[in-house]
Amino acid sequence: MKKYSVFSLIRQGLRRDAEWPRAWRNPDPKKTYDVVLVGGGGHGLATAYYLAKEHGITNVAVLEKGWIGTGSVGRNTTIVRSNYLRDETGHLYEKSMQLWQNLSQELNYNLMYSKRGVVSLGHTLQEMRDIARRVNANRLNGIDAELLDTEQVKKLVPMLNASADSRYPVLGASYQRRGGTARHDAVAWGYARAADSLGVDIIQNCEVTGIRQNGRVVGVDTSRGAIDAGRVGVVVAGNSSVLAKMADLRLPIESHPLQALVSEPVKPVLDQVVMSNMVHMYVSQSQKGELVAGAGIDSYNGYGMRGSVSIIQGLMAATVELFPMFSRLRMMRAWAGIVDICPDASPIVGKMPVDGLYFNCGWGTGGFKATPGSGWVFAHTIANDRPHPLNEAFSLDRFTTGHLIDEHGAAAVAH
């Protein structure tokens with residue numbers, strides 16, 4: 001067996017003496033696939049896994065222009081929750097939350113899912129009214145949610161600056177106990193290894209350069225040759241409009257950088273995920289001890305994996321405002337991913353006007369937490385050529401009928 005670095009084997013979740021996955025390197029130019037999935041991030045790999053596991057479709061190729069775990073799936077802030085306002089969004093994220101509960105056991109891969117709770121702060125009376133509305137909507141949809149007052153927040157997060165004379169007084173919060181974090185890149189690796197074991201081909205360093213049609217989709221052109229396929233699913237965070245243009249489609253999507261940072265590692269000090277819409281920050285502590293913090297998207301459009309310094313400056317100021325003791329820490333590194341955002345801040349998951357073509361995109365800042373549920377419903381959509389009831393409302397048609405979901409700003413910082 002050819003020798004690989006210890007890092008690469010750990011990255012793939014394999015021991016040194018394990019069998020190397022079949023097609024993680026080279027496509028078979030003579031093979032016609034039932035399904036080709038463009039994008040080897042969390043959603044694409046989850047879709048491949050559920051196509052094989054739930055629908056018995058194993059003649060599937062996942063095409064990734066880089067390598068597994070290093071795109072946007074490895075550039076997020078790990079938050080998992082389902083406390084969204086709208087019925088359609090809440091049910092889809094709740095399906096995802098249910099899958100998160102036992103996903104490490106199902107994939108036989110440690111995703112480091114930590115059920116630590118998500119606290120969404122309110123600083124004004126109007127914010128508290130909106131939070132109460134969201135808590136009530138969650139409960140009506142069978143989603144766990146609690147409304148906390150100031151004293152309950154202080155007891156839950158003792159280091160939070162919740163004094164009455166602070167710049168942004170904490171009037172209360174919503175709390176989802178099942179929410180928490182998971183290791184972002186491990187989710188991609190876990191799904192990749194599980195899909196591979198079921199017969200899915202995963203082809204890295206294979207960029208799609210065109211979508212071939214002959215009355216319907218018949219395959220894709222790539223940097224490593226043409227690949228024939230009966231159906232094509234596109235699941236690419238940050239470049240959905242570019243791929244849609246290859247099929248002569250125009251999507252109502254904008255792409256923006258989304259930044260975050262981590263501090264130097266310290267002993268455990270923060271048990272929960274804490275979010276604030278007014279101060280616009282969210283922070284949690286990783287298993288390695290780093291404080292992971294992030295804010296909103298950069299206002300400009302772009303595809304570069306970088307962002308403006310002003311966003312990082314504002315984020316750090318906001319974090320120190322709520323947690324003064326964090327001012328003593330040093331920032332270790334910052335990064336940016338690219339997110340696709342629809343006008344109503346809800347995704348597009350379904351069939352396209354071109355027969356045999358399906359898109360899963362536009363998740364904005366909520367894509368990571370939706371990974372299992374997104375893959376599950378998208379696999380159903382591709383396998384049955386019709387949407388599952390959970391993603392039926394997320395069709396492209398809503399932008400012509402006006403039946404928008406409008407989750408924008410409804411759920412805390414919307415991450």
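Helix 309-322 and the longest principal axis of the C-alpha atoms of the chain enclose an angle of approximately 40°. Taking Cα atoms only, the orientation of helix 87-101 departs from the longest principal axis of the chain by about 80 degrees.
Modelled label positions at ARG216 and PHE399, each set 7 Å beyond Cα in the direction of Cβ, lie 2.5 nm from each other. Taking a ≥ b ≥ c as the square roots of the eigenvalues of the Cα gyration tensor of region 251-333, is the shape rounded (a/c under 1.5), prolate (a/b larger than b/c) or oblate? It is prolate, given that a/c is not under 1.5 and a/b is the larger ratio. Pairs from the list LYS65/LYS267; LYS31/LYS95; LYS65/LYS95 with a Cα-Cα gap above 32 Å: LYS65/LYS267; LYS31/LYS95.
Shape index of region 132-182: Rg/Rh, with Rg the Cα radius of gyration and Rh the Kirkwood radius from the inverse mean 1/r over Cα pairs, equals 1.04.
Local charge for LEU390 was computed over the other residues whose Cβ lies under 10 Å away, with Lys and Arg +1 and Asp and Glu -1, and equals -2.
Sorting 154-165, 257-268 by average packing, meaning the other beta carbons within 10 Å per residue, from highest down gives 257-268, 154-165.
With all protein chains kept in place, the per residue accessible area of the chain amounts to 42 square angstrom at a probe of 1.4 angstrom. Model label points for ASP144 and ASN301, set 7 angstrom from Cα along the Cα-to-Cβ axis, are 4.2 nm apart.
Nonpolar atom fraction for the chain, defined as the carbon and sulfur part of the 1.4 Å probe accessible area, stands at 51 percent.
In degrees between 0 and 90, to the nearest 10, how far off the longest principal axis of the chain does helix 125-140 point, with axes built from Cα atoms? With rounding to tens, the tilt is 50 degrees. Using a ≥ b ≥ c from the Cα gyration tensor of region 305-368 (square roots of the eigenvalues), is it rounded, prolate or oblate, where a/c under 1.5 gives rounded and otherwise the larger of a/b and b/c decides, a/b for prolate? The shape class here is prolate.
The overall shape of region 210-278, judged from the alpha-carbon gyration tensor, is prolate: a/c is not under 1.5, and a/b is greater than b/c. With K and R counted +1 and D and E -1, the other residues having a Cβ less than 12 Å from that of ARG306 yield a net charge of 0. Counting Lys and Arg as +1 and Asp and Glu as -1 over every other residue whose Cβ lies under 10 Å from the Cβ of SER346, the net charge comes to -2.
For the chain, the mean residue ellipticity at 222 nm estimated from helices alone is -8500 deg cm²/dmol, where every DSSP H run of n ≥ 4 contributes -39500 (n - 2.57) and the total is divided by all residues, rounded to the nearest 500.
The values are calculated or read from the model by the stated rules, or taken from the named source; none is laboratory data. All figures in this text were calculated on a predicted structure; none of them were measured in a lab. No Cβ is skipped: glycine too gets one built from the backbone with ideal geometry, and neighbour counts run over all protein chains shown. Only protein heavy atoms, including side chains, enter the accessible area calculation; ligands, DNA and RNA are left aside. Shrake-Rupley method; radii C 1.70, N 1.55, O 1.52, S 1.80 Å.
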